[in-house]
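Structure first, commentary second.
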Ligand SMILES: C[S@@+](CC[C@H](N)C(=O)[O-])C[C@H]1O[C@@H](n2cnc3c(N)ncnc32)[C@H](O)[C@@H]1O
């Protein structure tokens, strides 16, 4: 089965950008709001990776300082427009950047947020490593993601749908074990929470604390 590559993801999101808010605005909203509530609880300097069209930017507390990065320039252009229109002066940086090679110093952010991103990158484990690198000790990585079923008909469907989903830019079969294996190998993080999220609880809000 072909895997995700950067050029493919960029192409997919170039196509998604004009209609993204319409298609994915409402359906993923509870996951987005819940992640931002967790980020606001922590406050300080926050990195939003795969910020996309910036649907969440206005939900961050105005007392936070936000850096948003994304691999797709067409998605980011929409985020920039949103920042201007809504006068979001707490958004300090919006930049094209690969989630796996963040151009930020170590131990810089109080929280790193990645909504619906980690299952769409070519190398999720290396990407998670870089999220933790830029987090301050005690800081939190806050993810919301589709997590594939372990067994049963949903697993069969997700495996069957995977090749089409690759072309749309994500992996529907991404298993929870991949995250637990990554955390065990990394050794510097503690799972703080896994919370089921709509639609249908097939998504999860996941928080890791940097030790
Ligand atoms: C499903 S969208 C989520 C956008 C936004 N977080 C939201 O909740 O609406 C995934 C986003 O991740 C971005 N992305 C995919 N691969 C990336 C990478 N390697 N580095 C940075 N961003 C990436 C895409 O361009 C897209 O904007």
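The values are calculated or read from the model by the stated rules, or taken from the named source; none is laboratory data. Note that the structure is predicted; figures quoted are calculated from it, not measured. Reconstructed Cβ throughout: ideal geometry from the backbone, glycine too, with neighbour counts over all protein chains shown.
Brief remarks follow.
- Residue list for the stretch 18-47, restricted to those being within 7 Å of the ligand (Cβ to nearest atom) and under 18 Å from residue 111 (Cβ atoms): 32
- Residue identified as within 24 Å of residue 39 (Cβ to Cβ) and more than 12 Å from the ligand (Cβ to nearest atom) among 118, 147: 147
- Count of residues meeting criterion [over 15 Å from residue 210 (Cα atoms) and crowded, with 24+ Cβ neighbours inside 10 Å] in the stretch 118-130: 3
- Which numbered condition residue 54 fails, given (1) more than 17 Å from residue 205 (Cβ to Cβ); (2) near the ligand (Cβ under 10 Å from one of its atoms); (3) modelled with pLDDT under 95: (3)
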